[in-house]
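Notes for the one structure printed next.
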Amino acid sequence: MSTSSSPEMQQLASALAEGVASIRSSTSSDDLRTLMSALTGKKGAIATVKASLGKLTDIDARKALGSAVNDALNELHSAAETRSRELRTAEFAEQIQSERVDMTELALSARTTQRRGRMHLVTQATERLEDVFIGLGFQIAEGPEVETDFYNFEALNMPPSHPARSMWDTLFIESDVEGSVVLRTHTSPVQIRVMQEWPPPIYAVMPGRVFRKETPDATHMPVFHQIEGLVIDRGITFADLAGTIESFTKAFFGSGFTSRLRPSYFPFTEPSAEFDIRRPDGSWIELGGCGMVHPHVLRAGGLDPNEWSGFAFGFGIDRMAKERHGVNDLRDMYSDDVRFTEQFS
Ligand code: PHE
């Protein structure tokens, strides 16, 4: 008997042809999956042919039909694999298309409807100051805005009820021990923190926000910014202080500017001075305070005054920004009005 023409073989051939055709015309991966389980499952046309194997008495015919069934199943699987690949490629392309965002359109609308922000004048000034001091070999440090009495006053050579404490109109934070926690009135407490944490030699600047009980006016704000400088090394003298202030003045303001020191008083420096900057037109701007770090302060920072000496300086950043940009009233810098900030870029 010719096996190729047996009814089972014919049934198998047509099941295969139909199966392949329906695989090729399936329209989605989900469809294909459902279709394949129908075609190769127990109730599928191929399974029906397979079930008839047992009825065949002719061994050769049974072997031939058996392997034809396996071939047919393999063919269905490979057709399904090809189709699945095609479908997935198409589905992915479709997904990309549907999730596509037109960036050119976004960019265009941003350009026409959104205003570009600018850094605050004080931020710009702070960053420039940091750059200049980094150029002079300094590192940047920061400390907390809420300070203890110890760091803000006592370690800076101002024991409780020292009269010099009244140089700063202090804002206090409620605490268990009344008056022991303050909003720092200057950046000088960071000197102590740096001395306690960094092994000398120290070349550091410490910018930050400070707070004083002041009524806002054209030249005063209750919240403003300072930058503190601290140098601790062996054999540091007042000449190093004067030289550093002068180098900074030229690097920050330009070669036409120069600096001078006037005797002054701060409890944490001895001797102390105030420093001014001379503009090219000959007029002077008062900038800040400075001096040689007091031995009591070195000790509070954990350093031996017989081994180490140093100088410190501190000045207001807001006033410098005001000077530089010709702003008349400090309050304008904090008005949140973009028409003001837009003037400076
Ligand atoms: N902390 C002082 C002030 O706020 C400035 C200063 C800093 C003076 C360092 C001397 C040394 O006025």
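Some notes on this structure:
- Whether the range 221-345 is rounded, prolate or oblate, judged on the alpha carbon gyration tensor where a/c under 1.5 counts as rounded: prolate
- For MET221, residues with placed amide H under 5 Å, excluding near neighbours: none
- Karplus 3J(HN,Hα) series, Hz, for the range 150-159 with 6.51 cos²θ - 1.76 cosθ + 1.60 (x for Gly, Pro): 4, 6, 6, 10, 4, 5, 8, 6, 10, x
- Within the accessible area of the range 92-214 (1.4 Å probe), percent carbon and sulfur: 52
- Among the lysines of the chain, pairs that are 8 or more positions apart or on different chains and have alpha carbons within less than 24 Å of each other number 9.
- Over the chain, Cα pairs under 8 Å with separation of 6+ residues give a relative contact order of 14 percent.
- Neighbour net charge for ARG24 - beta-carbon separation under 13 angstrom, K R +1, D E -1: -3
- Remark: C-alpha extents of the chain on the principal axes read 125, 50, 43 Å, sorted largest to smallest.
- Label zone at ILE140, where the point sits 7 Å out along the Cα-to-Cβ direction: the range 233-269 residues whose backbone N lies under 20 Å: 248-249, 251-253
- The Cα atoms of the range 163-298 cover 52, 41, 24 Å along the three principal axes, with the biggest extent listed first.
- Near THR82: Cβ cut-off under 14 Å, other residues only, Lys/Arg at +1 and Asp/Glu at -1. The net charge is +1.
- On a per residue basis, the chain carries 56 Å² of accessible surface, using protein heavy atoms and a 1.4 Å probe.
- Compactness of the range 3-116 as Cα Rg over 2.2 N^0.38 Å, two decimals: 1.81
- Distance (nanometres) between label positions extended 7 Å along Cα→Cβ at TRP284 and GLU86: 9.1
- Label point distance in nm, ASP71-ASP332, each placed 7 Å from Cα along Cα→Cβ: 9.4
- At R0 = 56 Å, FRET efficiency that the Cβ-Cβ distance of ARG24 and ALA107 yields, to 0.05: 0.80
- Fraction of accessible area attributable to carbon and sulfur, the range 301-345 (%, probe 1.4 Å): 38
- Choice from ASN74, ASN306, ASN157 with maximal GNM fluctuation in the chain (Cα, 10 Å cutoff): ASN74
The values are calculated or read from the model by the stated rules, or taken from the named source; none is laboratory data. Source: prediction; values computed, not measured. Please note: Cβ atoms are built from the backbone with ideal geometry, for glycine as well, and neighbour counts cover all protein chains shown. Protein only, heavy atoms only, side chains kept; ligands, DNA and RNA dropped before computing areas. Shrake-Rupley method; radii C 1.70, N 1.55, O 1.52, S 1.80 Å.
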